[in-house]
1. Can you name the residue in segment 229-254 that is away from the ligand (no atom under 16 Å from the Cβ) and assigned to a strand (DSSP E or B) and, of all such residues, is farthest from the chain's Cα centre (by Cα)?
2. Would you mention how many residues in segment 268-292 are in contact with a Phe, Trp or Tyr (Cβ under 7 Å, 6 or more places away or on another chain) and among the hydroxyl-bearing types (Ser, Thr, Tyr)?
3. Does segment 74-107 hold any residues that are small (Gly, Ala, Ser) and within 14 Å of the ligand (Cβ to nearest atom), and which are they?
4. Take residues that are surrounded by fewer than 17 Cβ atoms within 10 Å (Cβ to Cβ) and tell me which of the strands (runs of 3 or more DSSP E) falling wholly in segment 1-49 contain 1 or more.
5. Considering only residues of segment 255-289 that are in contact with a Leu (Cβ under 6 Å, 6 or more places away or on another chain) and away from the ligand (no atom under 16 Å from the Cβ), which is least open to solvent (accessible area, probe 1.4 Å)?
6. Kindly establish whether residue 220 is touching a helix residue (DSSP H, G or I) at 6+ places or on another chain (Cβ under 9 Å) and not in a loop (DSSP other than H, G, I, E, B).
7. Residue check, residue 110 against (1) closer than 21 Å to residue 152 by Cα; (2) out of contact with any strand residue (DSSP E or B) (no Cβ under 6 Å at 6 or more places or on another chain); (3) more than 12 Å from the ligand (Cβ to nearest atom), all met but one. Which one?
8. If I go through segment 190-204 residue by residue, how many of them are crowded, with 20+ Cβ neighbours inside 10 Å and among the hydroxyl-bearing types (Ser, Thr, Tyr)?
Amino acid sequence: MRVFVSRRIPEPALERIRAAAEINLWESDDPPPYAELSERVRGVDGLFCTLNDRIDALLMDAAGKQIKVISIMAVGYDNIDVRAAAERGIAVGNTPGILTETTADLAFTLLLAAARRIPESMAYIREQRWTTWKPMDLLGRDLSGAVLGIVGFGRIGQAVARRAQAFGMRILAHSRSLTDEQAAAHGAERADLHDLLTRADFVSIHTPLNDSTRRLINAETLRLMKRDAILINTSRGGVVDQRALYEALRDGVIGGAALDVTDPEPIPLDDPILTLPNALIVPHIGSATLQTRTKMALMAADNLIAGIRGEPLPNRVQPR
Ligand code: DGY
């Protein structure tokens with residue numbers, strides 16, 4: 001059996017794959033260009049990929065009819081044409097569950113850092129503006145008693161809710177099929193998107209990216225938010241219209257934003273949003289701890305190995 005692994009990944013996962021198949025490894029921290037990827041997948045039984053690899057029908061056809069599995073080392077799989085894979089009988093696996101707490105930690109880190117203006121405070125020192133203790137400088141926002149709106153109330157959204165409860169926040173939750181009872185079981189109040197955006201002091205996004213969530217946060221929905229509201233996004237950059245967000249931050253339509261994900265990724269260095277003091281942006285590090293990335297790689301390895309053996313995947317993505 002032959003597999004292609006499209007990135008340098010934690011060694012324990014490579015060892016596990018090596019015991020089951022012959023590996024062709026892209027030994028880099030950067031993704032292979034699409035043309036290179038198309039070449040490398042030719043004739044493989046399985047593909048281990050990451051969220052930066054575009055896995056479309058053409059690439060699957062380039063791989064050939066023998067490919068049985070595409071295993072992504074991520075929970076999000078919007079870069080894979082899952083329907084095209086299903087049509088070709090290729091199983092797709094992902095890594096749900098294990099990165100929940102780590103990603104929720106980062107979402108909450110961003111929330112706190114934006115609320116208390118941590119990046120601005122560091123810049124304040126570097127710019128030699130810390131001349132004395134000033135009663136009216138760098139005033140942030142209290143979490144206690146504030147309303148957090150969680151858009152997308154799956155595992156990660158619920159894990160963020162647990163953290164918010166400990167900080168005394170009130171929680172509004174929005175998900176397509178969420179009931180009042182399900183929201184209440186997590187200490188939250190169910191809200192429709194309009195209601196959530198108008199009432200929340202902080203809005204944290206946890207939806208997958210798909211046709212119904214693409215640019216869900218746009219000029220119109222941003223205008224519903226409070227003028228001092230803070231938007232946090234740790235899901236996918238495409239859920240937010242980034243140009244509209246830039247304008248909203250620049251013009252004071254909302255108070256601030258903290259993003260782990262951008263559109264595109266990496267964010268171009270001339271993107272004007274990078275010039276704004278009220279935008280905090282980190283490079284898609286939601287799941288970036290050694291423990292979690294190792295668990296993700298191992299889970300993706302298990303999906304890959306099961307797939308090339310023609311066995312059921314431990315975590316299989318179902319086409320929608
Ligand atoms: C995912 O798994 O989808 C994250 O975005 C990366 O950990």
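1. Of everything passing the filter in segment 229-254, 230 is farthest from the chain's Cα centre (by Cα).
2. So the answer is 0.
3. 74, 76, 93, 97, 104, 107
4. On the way: elements: 2-5, 22-25, 46-49.
Where strands (runs of 3 or more DSSP E) fall fully within segment 1-49 and carry at least 1 residues being surrounded by fewer than 17 Cβ atoms within 10 Å (Cβ to Cβ), they are 2-5, 22-25.
5. Looking at residues that are in contact with a Leu (Cβ under 6 Å, 6 or more places away or on another chain) and away from the ligand (no atom under 16 Å from the Cβ), I get 257.
6. Yes, satisfied.
7. So the condition that residue 110 fails would be (2).
8. Of the residues in that region, 1 qualify.
The values are calculated or read from the model by the stated rules, or taken from the named source; none is laboratory data. Everything numeric here is computed off the predicted structure, so don't read it as measured data. For neighbour counting, all protein chains shown are included, and Cβ atoms are generated from backbone atoms with ideal geometry for every residue, glycine included. Surface areas here come from the heavy atoms of the whole protein model, side chains and all, with no ligands, DNA or RNA. Shrake-Rupley method; radii C 1.70, N 1.55, O 1.52, S 1.80 Å.
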